[in-house]
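The values are calculated or read from the model by the stated rules, or taken from the named source; none is laboratory data. Computed from a prediction, not measured in an experiment: that's the story for all the values here. Counting neighbours? That spans all protein chains shown, and the Cβs are built from the backbone with ideal geometry, glycine included. Heads up: the accessible areas ignore ligands, DNA and RNA and are worked out on the full protein's heavy atoms, side chains in. Shrake-Rupley method; radii C 1.70, N 1.55, O 1.52, S 1.80 Å.
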Amino acid sequence: MPSGWVADLLSDTLTKPTAAMRAAMVEAPVGDDVFGEDPTVAELESRVAGLLGHEAGLFAPTGSMANQLGMRLHVEAGQEVIADSLAHVLRAELGAAAVLSGISSRSWAAERGRLEADGPLGLMSVGAGPYQVGTALIVVENTHNFGGGTIQPLETIREVRAASREGGVAMHLDGARLWNAHVATGIPLADYGREFDTVSVCLSKGLGAPVGSVLVGSKELMARARIWRKRFGGGMRQVGILAAAGLHALDHHVERLDEDHARAARFAAAVGEVAPWVVSPEAVETNIVMLDLGETRWAPAELVDAAAQRGIRVYAAGPRAVRLVWHLDVDDAATDAATEVFTNLLSRN
Ligand SMILES: Cc1ncc(COP(=O)(O)O)c(C=O)c1O
């Protein structure tokens, strides 16, 4: 493995562009995208919009910016967004919604990030008059990163959608890993996408592109998002080179995500057999495995160090949790090596 690790399971953002992806980037026709003249970007935007059942798309440099644009479109300064307490928009975008858009936020607790209708519907504050902050937006994350790759149930999304529509509250999907939910369930991307006013998806996670996300929504919303993208400093020029990597990823790296899921499941089954208090294989739905160290002698940082000494890189994801993420650059041999290291370390409790 080029990184020097026997298995690098830190994140699915680590993937290096393949030779074929790099070749596609070299060949891409380009233009100045701030003037709307990059044909490769236009192709990517309309393709992703079509896949997600929306009218238009907007290429963004990062998933964080795509989410921030989505929030900015629906929420005025002083209004609130609500999301579960593990959501990337609340935990890992460094307060951007407050800093950039004056948005306030509240959260509901969700076991493993799983959406239950009571969460958002119990918090949603509609018609609160001048006394309370009004809820303008619900954000749902699918799959759920810090929840451990959890897939959100479509029926629950629909239930929340019906109630939010009645209350005039918009919905945004942080679909950084929606591809994984689609491949794991067979549910068409558009079935998820149509339940939301805006959706962001990432090309630089499991899909293996070096950079890039796409925000989709109505033509009118995307025209406004284009202005906010420029205002946020995200207007880019001959960026078809990067969009080409995304198009290549859509052609070649979506269906293969089931290999990542199978490897993560294989690892979880083996570790779950020797240390069932650490991981239950049923909890592993996609490419992420969360180990709960609560019943062991391990602190997350110590387990991370012990694994690193044996060539396996993983992430301390909380006071009791260690996270492992499968991706394009982790093969069967790397999975076997990680399995051996973790079964050895954890079976001794
Ligand atoms: C669920 C989720 N949303 C959004 C992002 C943000 O993506 P980026 O790192 O490109 O800003 C991430 C990044 O890991 C993520 O896991």
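General remarks:
- Enumerated helices (runs of 4 or more DSSP H) restricted to region 148-254, each holding at least 2 residues that are under 30 Å from Gly102 (Cβ atoms) and among the charged types (D, E, K, R): 154-166, 219-231
- Test: residue in region 284-306 that is touching a strand residue (DSSP E or B) at 6+ places or on another chain (Cβ under 8 Å), of a type in the set (Gly, Ala, Ser) and not assigned by the TED database to the domain that holds Arg47: yes
- The strands (runs of 3 or more DSSP E) located wholly in region 1-119 that include 2 or more residues which are more than 14 Å from the ligand (Cβ to nearest atom), open to solvent by 10 Å² or more (accessible area, probe 1.4 Å) and farther than 16 Å from Ala209 by Cβ occupy 104-108.
- Within region 120-168, the set of residues being more than 16 Å from the ligand (Cβ to nearest atom) and β-branched (Val, Ile, Thr) comprises Val126, Val133, Thr135, Thr156, Val160.
- In the set Gly233, Gly212, Gly206, Gly246, only one residue is open to solvent by 60 Å² or more (accessible area, probe 1.4 Å) and within 16 Å of the ligand (Cβ to nearest atom); that residue is Gly233.
- Within region 96-153, the set of residues being hydroxyl-bearing (Ser, Thr, Tyr) and more than 14 Å from Gly167 (Cβ to Cβ) comprises Ser101, Ser104, Ser105, Ser107, Tyr131, Thr143, Thr150.
- Failed item, numbered, when Arg297 is tested on (1) out of contact with any helix residue (DSSP H, G or I) (no Cβ under 7 Å at 6 or more places or on another chain); (2) in contact (Cβ under 8 Å) with a residue 40 or more places away in the chain; (3) surrounded by 19 or more Cβ atoms within 10 Å (Cβ to Cβ): (3)
- Residue match in region 35-46 (condition: closer than 17 Å to Leu242 by Cβ, of a type in the set (Ser, Thr, Tyr) and not assigned by the TED database to the domain that holds Met222): no
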